Amino acid sequence: MGRNLIIPGGTRVIDATGKLVLPGGIDPHTHLELEMMGAKTADDFYTGTRAAVAGGTTTVIDFVLPQKGQSLVEAYNHWREKADNKVCCDYALHVGVTWWSPAVAKEMQQLCSEEYGVNSFKMFMAYRDTWMLDDYHLYIAMETCKHLGALPMVHAENGHIIARNTEKLLAAGKTDPEGHELSRDEEVEAEAVNRACVIANQANSPLYIVHMMSRSAVKALENARPRQKQPVYGETLAATVGTDGSHYRNACFRHAAGHVMSPPLRSDPDTPQAMLEALADDCVQLIGSDNCTFHESDKAKGHGDFSKIPNGVNGVEDRMSILWQKGVNTGIMDPCRFVAVTSATAARVFNLWPRKGRVCVGADADLVVWDPRLQRTISATRHAHAVDFNIFEGQNVVGSPQYVVVNGRVCFDDGDLRVVEGFGKFLKTPVMSPYVYGGEAPKARTPEPHAPSPRLDFPARVTNGTPTPTSELQLVSKQLADSALSSGCSTPTGRKMREPGQRDLQNSTFSISKELEGAETKTSVRVRNPPGGKSSGLW
């Protein structure tokens, strides 16, 4: 098998022995170069995607957020102009429906066409004075999505309750960042999750709930699922599983304000564990970052009035490492589930599968050589973001990318970040995703008490999907002895890994390839430069 491959000249071999070869991560939720609350995010499409690649994410899906009354198509074009010449990896776009009129419905149809390539629209139940839709227009927007074969996405918080609570807190003199969390507790999120599910069911529409931040929200989703006519997907964040709301009580305004986001981090110390369990058991299906960074000077706009603190934190760079540390190293989830929630499911939901989210013939050459024993300490002094604050500051993680390949180009080379501005491409996301409109509603998964069956793979030739690729990868995998997937194996932290049960190979294509002859354990990724001798950036 692998030993019979003919290796062409000019090929660089990356020895991945003892490592895991994964499909590049897909972050379904970023806000790059966004203007909100009188500020502009620190990360633009260059620094944001640069940080993504450094963390093993090779595709991001950003949000076009029109102002009230603004043409959706005009806003979309503006985002394309901002992004196309800056992105270091591929990207797609969701579009926000922040106001309603018959013209908006027509523009949604236009955006769903082949020309524009949008299949998801986000509606807000919060931000009352800027982006929020009332229930009537939310209902119509969901009906429109269903008619178009698009996926409605909802920020689920009760905006009216938040507005009134904010007034009361400020009047009582509660002006510091903790007031942000107090104005929108778990009940406020859970109520909106339930209401969004009811409205989606009335519209006979699927639904995607973004950045779920609490156990109460997950419980509301699980209670609603059995009655839903169409699938409902839940997304949580790296911030949710990687830290908590205790930071809002920090005496340092800069520190506390640096953690302000919506919905807020929860003070219940059991929340991160609960959200990890929800991810592992398929109560929640995806993990994003909601990367929306602001400089200290912008966060300071809310000094003396928490409602004026721009909402947002980092996460696109550390999303995968944080989840590996908190989820895989603790035995809560297995590596196959890790691939599903960080990559494969997003590719399927947003109709990028099988081009993205898996390692197979014909897929884009987006690969991560993951070192499960690589240790590093997260710090703003070393990250690739354009902001000098990191909500995971000081956390030690075991497990990070050693190499990241974007469309056949090694862009993260054993710790050396070598991205190229404008190298990424815009990805059109066709409507009528088979996973959404042809699949079944997610159901809670009960892990089976037996180990996964190993998968036998033939060596795969992975290209960037074009007839004349600029580079090629040849992936040869042999059996990884003592692999983390083996039954009873320990994680790098020494804890027993969770038994994953029978793997769903359609949900995750991370696998082990066996050399039947029992050859020496070895995995290598071979990268060939393009014809003509011109370097493709493979050092």
Item to check | Unmet criterion (only one of (1) open to solvent by 10 Å² or more (accessible area, probe 1.4 Å); (2) under 13 Å from the mean Cα position of the chain (by Cα); (3) of a type in the set (A, V, I, L, M)) for Val60 | outcome: (1)
Checklist entry - If the Cβ limit is 6 Å and pairs must be 6+ apart or interchain, which residue in the stretch 277-292 that is open to solvent by 10 Å² or more (accessible area, probe 1.4 Å) pairs with which residue that is assigned to a loop (DSSP other than H, G, I, E, B) and modelled with pLDDT of 95 or more? => result Asp290/His211
Next on the checklist: Take the conditions hydrophobic (A, V, I, L, M, F, W, C) and over 21 Å from the mean Cα position of the chain (by Cα) and apply them to Met132. Does it pass?
Outcome noted: yes
Checklist entry - Taking Gly159, is it in contact (Cβ under 8 Å) with a residue 60 or more places away in the chain and in contact with a Phe, Trp or Tyr (Cβ under 7 Å, 6 or more places away or on another chain)? => result no
Checklist entry - When the stretch 44-53 is examined, which residues are found to be open to solvent by less than 10 Å² (accessible area, probe 1.4 Å) and either touching a Lys or Arg at 6+ places or on another chain (Cβ under 7 Å) or within 11 Å of Gly312 (Cα to Cα) (or both)? => result Phe45
Checklist entry - Out of Phe350, Phe389, which single residue is in contact with a Leu (Cβ under 8 Å, 6 or more places away or on another chain), among the aromatic types (Phe, Trp, Tyr) and closer than 29 Å to Lys40 by Cα? => result Phe350
Item to check | Close pairs (9 angstrom Cβ cut-off, 6 or more residues apart or separate chains): free of Cβ contacts under 8 Å to residues at least 40 places away in the same chain and over 14 Å from Asn194 (Cα atoms) in the stretch 225-250, open to solvent by 20 Å² or more (accessible area, probe 1.4 Å) and aliphatic (A, V, I, L, M) anywhere | outcome: Lys229/Ala441
Checklist entry - Scanning the stretch 76-127 for residues that are open to solvent by 40 Å² or more (accessible area, probe 1.4 Å) and aromatic (Phe, Trp, Tyr), which turns out farthest from Arg418 (Cα to Cα)? => result Trp100
Checklist entry - Considering only the stretch 295-313, how many residues are farther than 17 Å from Glu181 by Cα and either in contact with a helix residue (DSSP H, G or I) (Cβ under 7 Å, 6 or more places away or on another chain) or open to solvent by less than 10 Å² (accessible area, probe 1.4 Å) (or both)? => result 2
Checklist outcome for this item: Checked pairs for the stretch 189-202, first farther than 17 Å from Met213 by Cα, second crowded, with 22+ Cβ neighbours inside 10 Å and hydrophobic (A, V, I, L, M, F, W, C), C-beta under 6 Å and 6 or more apart or across chains, list as Ile199/Leu138; Ala200/Met142; Ala200/Leu207
Checklist entry - Only one residue in Gly245, Gly234 is under 23 Å from the mean Cα position of the chain (by Cα), open to solvent by less than 20 Å² (accessible area, probe 1.4 Å) and over 22 Å from Pro28 (Cα atoms), so which one is that? => result Gly245
Checklist entry - Does Ser321 satisfy being open to solvent by 10 Å² or more (accessible area, probe 1.4 Å), farther than 30 Å from Pro430 by Cβ and at pLDDT 95 or above? => result no
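Residue-by-condition table, conditions (1) in contact with a His (Cβ under 8 Å, 6 or more places away or on another chain); (2) under 17 Å from Phe294 (Cα atoms); (3) of a type in the set (D, E, K, R):
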| position | (1), (2), (3) |
| --- | --- |
| Gly10 | no, no, no |
| Thr30 | no, yes, no |
| Glu33 | no, yes, yes |
| Tyr46 | no, yes, no |
| Ala52 | no, yes, no |
| Asn77 | no, no, no |
| Arg80 | no, no, yes |
Next on the checklist: Here are the criteria: (1) touching a residue at least 24 places away in the same chain (Cβ under 8 Å); (2) within 22 Å of Phe423 (Cβ to Cβ); (3) not small (Gly, Ala, Ser). Tell me which single one Lys19 does not satisfy.
Outcome noted: (2)
Checklist entry - Of all the helices (runs of 4 or more DSSP H) wholly in the stretch 216-321, which have at least 3 residues that are in contact with a Cys (Cβ under 8 Å, 6 or more places away or on another chain)? => result none
Next on the checklist: Restricting to the stretch 83-116, give me the number of residues that are under 13 Å from Lys425 (Cα atoms) and either among the hydrophobic types (A, V, I, L, M, F, W, C) or out of contact with any Leu (no Cβ under 6 Å at 6 or more places or on another chain) (or both).
Outcome noted: 10
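The values are calculated or read from the model by the stated rules, or taken from the named source; none is laboratory data. Computed from a predicted model, the values in this text were never measured in an experiment. Because the Cβ atoms are built from the backbone with ideal geometry, glycine has one as well, and the counts that use them run over all protein chains shown. In case anyone asks, the SASA skips ligands and DNA or RNA and just uses the protein heavy atoms, side chains included. Shrake-Rupley method; radii C 1.70, N 1.55, O 1.52, S 1.80 Å.
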